[in-house]
Amino acid sequence: MRTGTTVRTAALGAATLMMLTACGGQETGSNGTSAEDAQLTLVTGVYPLEWLATEIGGDRVAVSQLTEPGAEPHDLELTGRQIGEVSQADIAFYVPGLQPAVDEAVEQEASGNALDVSETVDLLPAEETQGGDDHDHGHDHGDEGHDHGDESGDEGHDHGPDDPHFWLDTERMDEVATALAERMGEVDPEGADSYEANAEQASQTLTAIDEEYEQNLASCDQRDVVVGHTAFTYLTEAHGLEQVGLSGVDPDTEPSPAQIAEISDIVEERDIDTIFTEPLMPAGTTDTIAGETGAEVEVLDPLEGVTEDSPGDDYPSIMRGNLETLTGALGCD
């Protein structure tokens with residue numbers, strides 16, 4: 001084990017050195033601001049964090065996104081150049097457990113410049129995000145009221161102890177926005193007022209989305225949300241819905257035939273009309289259950305990235321697109 005760790009560390013260091021010596025500077029960030037013109041640089045590996053960094057940083061910050069558009073972020077492997085970007089960034093903004101390659105690069109190359117989301121907001125335990133009955137829902141984001149069973153039966157995932165999909169809860173997203181603005185202000189004190197003002201604007205957007213969810217999901221014929229993998233716990237917990245997952249937090253986990261049969265029984269017993277798949281997830285299992293039960297299949301976007309199948313082209317529009325899908329599928333007034 002120690003030898004393997006040494007090899008990985010040496011490889012990361014060598015890749016960083018290659019990047020630093022071969023490249024004359026970082027390219028333009030994904031938000032259109034170049035590292036040369038920016039007051040600080042930030043690197044992240046998943047779209048919601050990129051959106052937040054762009055909204056708060058404005059043109060003072062060059063934001064580098066490590067995951068290509070349309071790619072599955074969980075499967076990200078970093079190039080030598082990307083490892084160098086992590087090393088050079090003023091802020092490495094990440095959610096631990098979501099992308100192992102990013103976790104390793106941050107640990108080896110940027111631990112002193114990291115902004116770990118799990119240290120700014122409470123994350124739900126991954127083992128408690130598998131659906132189940134008799135939940136204490138509502139808008140309490142404390143440590144209580146999250147007693148989830150394991151209705152899918154899935155016990156294995158690669159996300160570590162926490163469920164990383166916090167951005168589907170706009171209140172948590174707002175908390176992280178505040179923490180990010182504070183960190184940016186520490187790195188670039190001259191821009192602190194700008195970051196704070198931008199964070200307030202982002203907060204207003206997030207609050208408006210939250211209020212729309214609360215209003216539109218207050219009265220629904222159904223409250224069961226059957227999903228391909230349990231990425232939607234933060235959303236369902238925040239708005240009094242019940243998540244039933246075909247697999248666990250890891251989207252690569254295939255449900256067993258027994259699990260598929262169990263979910264099919266739940267769909268029939270509860271007269272569930274809709275099963276949700278995702279833009280970046282194969283629809284085989286959901287199609288199978290839909291065929292057996294007569295349920296419809298709709299797309300619900302976990303916002304891990306923006307694709308041509310997403311119900312919008314940025315965080316606010318995709319969140320609102322998800323809301324429209326949910327209200328229609330659940331029969332909400």
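The values are calculated or read from the model by the stated rules, or taken from the named source; none is laboratory data. Nothing here was measured: the structure is a model prediction, and the numbers come from that model. So basically every Cβ, Gly included, is an ideal-geometry build from the backbone, and we count neighbours across all protein chains shown. We work out accessible area using only protein heavy atoms, side chains counted, and drop any ligands, DNA or RNA first. Shrake-Rupley method; radii C 1.70, N 1.55, O 1.52, S 1.80 Å.
Summary of values
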quantity	calculated
Some residue of the range 284-295 being over 19 Å from ALA71 (Cα atoms), in a loop (DSSP other than H, G, I, E, B), within 17 Å of the chain's Cα centre (by Cα) and among the small types (Gly, Ala, Ser)	no
Residue list for the range 296-317, filter: closer than 16 Å to THR67 by Cβ and of a type outside the set (D, E, K, R)	PRO302, LEU303, GLY305, VAL306, THR307, SER310, TYR315
Cross-chain or 6+ apart pairs with Cβ under 6 Å, the range 188-215 first and over 14 Å from ASP169 (Cβ atoms), then open to solvent by less than 10 Å² (accessible area, probe 1.4 Å) and not in a helix (DSSP H, G or I)	ASP188/LEU40
Test result for SER34, more than 24 Å from LEU206 (Cα to Cα) and either open to solvent by 20 Å² or more (accessible area, probe 1.4 Å) or under 25 Å from the mean Cα position of the chain (by Cα) (or both)	yes
Residue identified as assigned to a loop (DSSP other than H, G, I, E, B) and modelled with pLDDT of 95 or more among ASP143, ASP147, ASP122	ASP122
Among the candidates THR288, THR277, residue that is more than 13 Å from ALA231 (Cα to Cα) and of a type outside the set (A, V, I, L, M, F, W, C)	THR288
Filter result for LEU280 (part of a helix (DSSP H, G or I) and either in contact with a helix residue (DSSP H, G or I) (Cβ under 9 Å, 6 or more places away or on another chain) or within 25 Å of GLU55 (Cα to Cα) (or both))	no
Qualifying positions in the range 160-183 - under 15 Å from the mean Cα position of the chain (by Cα) and basic (Lys, Arg)	ARG172
Residue match in the range 167-175 (condition: in a helix (DSSP H, G or I), open to solvent by 10 Å² or more (accessible area, probe 1.4 Å) and modelled with pLDDT under 95)	no
Residues satisfying the stated conditions in the range 53-82, i.e. touching a Gly at 6+ places or on another chain (Cβ under 9 Å) and of a type in the set (Val, Ile, Thr)	THR54, VAL61, VAL63, THR67
Among (1) open to solvent by 50 Å² or more (accessible area, probe 1.4 Å); (2) within 20 Å of PRO164 (Cα to Cα); (3) in contact with a strand residue (DSSP E or B) (Cβ under 9 Å, 6 or more places away or on another chain), the one test that MET281 misses	(1)
So ASP59, is it open to solvent by 10 Å² or more (accessible area, probe 1.4 Å), more than 20 Å from LEU280 (Cβ to Cβ) and charged (D, E, K, R)	yes
Qualifying residue in the range 125-135 (condition: open to solvent by 30 Å² or more (accessible area, probe 1.4 Å), more than 28 Å from ILE260 (Cα to Cα) and either modelled with pLDDT under 95 or assigned to a helix (DSSP H, G or I) (or both))	no
Test: VAL46 is within 20 Å of ASP313 (Cβ to Cβ) and in contact (Cβ under 8 Å) with a residue 24 or more places away in the chain	yes
Entirely in the range 1-116, the helices (runs of 4 or more DSSP H) that have 3 or more residues that are small (Gly, Ala, Ser) and at pLDDT below 95	2-22
